[in-house]
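Contents: one structure, followed by commentary.
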Amino acid sequence: MLELMIDLRRDRDVPYYVQLYQHIRDEIKYGHLPAGTRLPAIRQLSEHLHISRNTVEAAYMQLTAEGYTESRARSGLYVVELEQDYLLSEQQAGTEQMKAQVSDPASLNRPDTASEIRIDFRNGSTDMRYFPYSVWNRISLETMQANTKALTREGDPQGEYGLRYQLASYLRYSRGVKCRPEQIVMGVGIQQLTTLLCQLIGGDHREVAMEEPGYNGVKSAFVHQNYRITPIVLQEDGIDVEAVKRSEAKLVFVTPSHQFPLGMIMSVNKRLKLLQWAAEQQAIIIEDDYDSEFRYQGCLIPALQGLDKTDSVVYMGTFSKALLYGISMSYMVLPERFVPIFRERVCELEPTVSTIHTHTLERFMAEGHWEKHLRKMKKVYQKKHALLVECIHRYFGKQASVIGHRSGLHVVLEVHSDYTEEELIKLAANQGVRVYGTSRFWMNSDHCTAIRLLIGFGGLTEQEIEEGVRLLYEAWFET
């Protein structure tokens, strides 16, 4: 077995899974774990490091979601080959770089490489210049001083009740989600919560229908739990419900508020049809309310869970798009019938979210800072979003189309050219711009008939957005 030597520090305010993820990520980036290296099995590594399997699994899922590793069926988890300019030397990761990031929090949004990439349209990046650091730090310090004894004890595996109470109230009036704090389970990410849900469901739903294309991180979670995935091709208003009905699946995973990656919003009529199917088949709908906070056109569409009358929907969401990315906190709202099952097995679980961050976020929400921050960020992102779409239309005209541009922190750019996706990405990199293909989100490559690129804008300045779009046009149509 590959020996991973890592000193997991109990005295650090960083969860074990984050320490493990960061260690393996750095080993890959420094070239110490070359492409093709097989990582230890979850059970082996948990025994070797004397930590829980859930902790190892959460770290592995984060590595896969960020593209450092890939899961191979019945074989294991392997390191993927990174671009040469993404690999770091020990010197490049030295003190000066760390000083620069501390003095400029926005620099954390940029690729930590010595490459010539100047503008990175990475999806999921956020603008941390506007985060209320002083407020968060004050609350965090006061929390540590007021709860010293409580913080030395192991937290609630379901998540601290105070935060779940605040979250239940927020979800009720902001998304129409009907829930009690007892139904909420906190976790480090959608992948980890999906894995936990699979364990709660058991073996009766071993086939899951998923949007095609769809989120690879969740696909990986289902594969690790030995689920068969049935890809369902998308229509203009979301997943093809009739195709779901024709499948053998009794479990379906959807992102109705802002489909990932194509960005369409599921119509209310289609939501009702999907709920009717679930009720008739005694099936389960997993709703990932992806990017629901940031909608720029029209009124908010209520969550599927709020329309559900038969206790068929598991609702999931995350704080990562509005908080700092390093504060990894997501949540899952269980149907009432699952709550007793969870309680029966809760003694086997360990908390995966930081107790300090949990108590801090509880007060952050209770004192009104969360909603104030969301309102500010929606205005910031709405302005950037409008600029991005306008620049694309101005520079590209009919040579490209924008898909999924009503909400979220990314758009999909469909490029009308004879270049392949790989060629477009390389041409952009030659101009100092990094863009990302969508072909990897398809399970059946035959379904992927157009060249579509993921263009994230959250972490970029307005100047970088306009310059980036101009450079893309020059790279693809003036070379």
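Treating only the Cβ atoms of Lys and Arg (+1) and Asp and Glu (-1) as charged, compute the dipole magnitude of the chain about its Cα centre; round to the nearest 20 debye. Intermediate values should be presented prior to the final figure.
Working: 54 positive and 62 negative charges, 265 e Å.
About 1280 debye.
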Q: For the range 335-461, list log₁₀ I(q)/I(0) at each q in 0.09, 0.12, 0.14 Å⁻¹, using the Debye formula over Cα point scatterers of equal strength and ignoring solvent, two decimals each.
A: -0.49, -0.74, -0.85
Q. In nm, to one decimal, how far is the Arg470 label point from the His48 one, both placed 7 Å along Cα→Cβ?
A. 5.1
Q: Would you mind pulling out the separation of the Cα centroids of the range 335-392 and the range 193-237, in Å?
A: 23
Q | Glu422 paired with Arg246, simple spin-label distance in nm, labels 7 Å along Cα-to-beta-carbon | A | 3.2
Q. What residues qualify as long-range amide H neighbours of Leu453, i.e. H under 5 Å apart, gap of 5 or more or another chain, H built at 1.01 Å from N?
A. Leu413, Glu414, Val415
**Q.** Amide H partners (placed H, <5 Å) of Ala209, local residues excluded
**A.** Thr230, Leu251, Val252, Phe253
Q | Residues listed by number, the range 30-54, amide nitrogen under 18 Å from Leu349 label point at 7 Å toward C-beta | A | 52-54
Q. Antiparallel DSSP bridges in the chain: what percent, to the nearest 5?
A. 60
Q. Hey, what do the phi angles of the range 33-44 turn into as Karplus ³J(HN,Hα) couplings, whole Hz, using 6.51/-1.76/1.60 and θ = phi - 60°, x for Gly and Pro?
A. 10, x, 4, x, 5, 8, 6, x, 4, 4, 5, 5
**Q.** Order by protection proxy (mean Cβ within 10 Å, highest first), peptides 35-43, 213-221, 424-432
**A.** 213-221, 424-432, 35-43
Q | Whole-angstrom gap from the range 259-310 to the range 428-479, using each part's C-alpha centre | A | 28
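So what is the relative contact order for the chain, in percent, with contacts set as C-alpha pairs under 8 Å and at least six apart?
Values: 771 pairs, mean separation 87.4, N = 479.
Worked out over the chain, it gives 18 percent.
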Q | the range 218-289: radius of gyration over Cα atoms, expressed as a fraction of 2.2 N^0.38 Å | A | 1.06
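Read-outs: derived from the displayed coordinates by stated rules, not from any lab. Not measured: the values here are computed from a predicted model. All Cβ positions, glycine included, derive from the backbone under ideal geometry; neighbour counts span all protein chains shown.
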